[in-house]
Amino acid sequence: MSLTARALLLDMDGTLVNSDAVVERYWRIWAAEQGLDPEQVLEVVHGRQAHATMAVLLPDRPIERNLADNRWMLERETADLDGVVPVPGAPAFMAALAALPHALVTSADEALARARMGAAGLPMPEVRVTAERVGASKPDPEGFLKGAAELGFAPADCVVFEDSEAGITAGRAAGMRVVGIGPRAGAHAPDAHVRDLEQVRIEALPDGTMRLHFSD
């Protein structure tokens, strides 16, 4: 199977970087403090900004408390890089994209994105849409639409790489095709699904587009 695109919009956590160890550490602490089942909390945390996840889990909780906990979590996750590694195939994937249009679209803020990409040994894309730059977290499509606009391409010409339900929903809502990465993505019917980035090959075409090849 293959897809053709003019630009790629890349999620970070779970797509380029495996940060599950850190994410789970701090969400387990938070869940215990709220008297919630950590396993149930971990099922819904991926893909959104932390305060948006907290609003889903505790809908009656004041937004100010969620924002304060969001800041607490960002500070600790930015400082704790133990277990942060590249998703298999990510270094070669990013190297192949170096001269092609692409952007990072992540629910992490700039500091966390830089810390995790650095820990994983991956280059930071020149164009990036981080948490500070959007008014609404995924599954809202704002981040992907901003990324496409900054690159100068129509949504239909872009392909999103995502691992979470919230991210896949956001990509679809933006009018883009979605490649699902990893086990979480398979349940949400992306246009293509791969185990990791080792199963993706990028071919630059003479007309400036790129063809994405997916192997089993």
Is it the case, given these coordinates, that Leu104 is in contact with a strand residue (DSSP E or B) (Cβ under 7 Å, 6 or more places away or on another chain), open to solvent by 10 Å² or more (accessible area, probe 1.4 Å) and in contact (Cβ under 8 Å) with a residue 60 or more places away in the chain? no
Looking only at the stretch 2-27, count how many residues are at pLDDT 95 or above and more than 19 Å from the chain's Cα centre (by Cα). 3
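Taking the stretch 123-149 only, how many residues are touching a Gly at 6+ places or on another chain (Cβ under 6 Å) and over 12 Å from His102 (Cα atoms)? Lay out the reasoning, then the answer.
So the first thing to find is which residues in the stretch 123-149 are touching a Gly at 6+ places or on another chain (Cβ under 6 Å), and the list is 129, 134, 138, 144.
From what's left, over 12 Å from His102 (Cα atoms): 134, 138.
Of the residues in that region, 2 qualify.
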With respect to Ala113, determine if the residue is touching a residue at least 40 places away in the same chain (Cβ under 8 Å), part of a strand (DSSP E or B) and in contact with a Leu (Cβ under 7 Å, 6 or more places away or on another chain). no
Among the residues of the stretch 24-43, is there at least one that is touching a Cys at 6+ places or on another chain (Cβ under 9 Å) and over 24 Å from Ala115 (Cβ atoms)? no
Flag if Val85 is surrounded by fewer than 18 Cβ atoms within 10 Å (Cβ to Cβ), within 21 Å of Arg128 (Cα to Cα), within 15 Å of the chain's Cα centre (by Cα) and touching a residue at least 40 places away in the same chain (Cβ under 8 Å): yes
Within the stretch 45-68, can one find any residue that is modelled with pLDDT under 95, buried (at least 18 other Cβ atoms within 10 Å of the Cβ), hydrophobic (A, V, I, L, M, F, W, C) and touching a Phe, Trp or Tyr at 6+ places or on another chain (Cβ under 7 Å)? yes
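The values are calculated or read from the model by the stated rules, or taken from the named source; none is laboratory data. Note that the structure is predicted; figures quoted are calculated from it, not measured. Reconstructed Cβ throughout: ideal geometry from the backbone, glycine too, with neighbour counts over all protein chains shown. Only protein heavy atoms, including side chains, enter the accessible area calculation; ligands, DNA and RNA are left aside. Shrake-Rupley method; radii C 1.70, N 1.55, O 1.52, S 1.80 Å.
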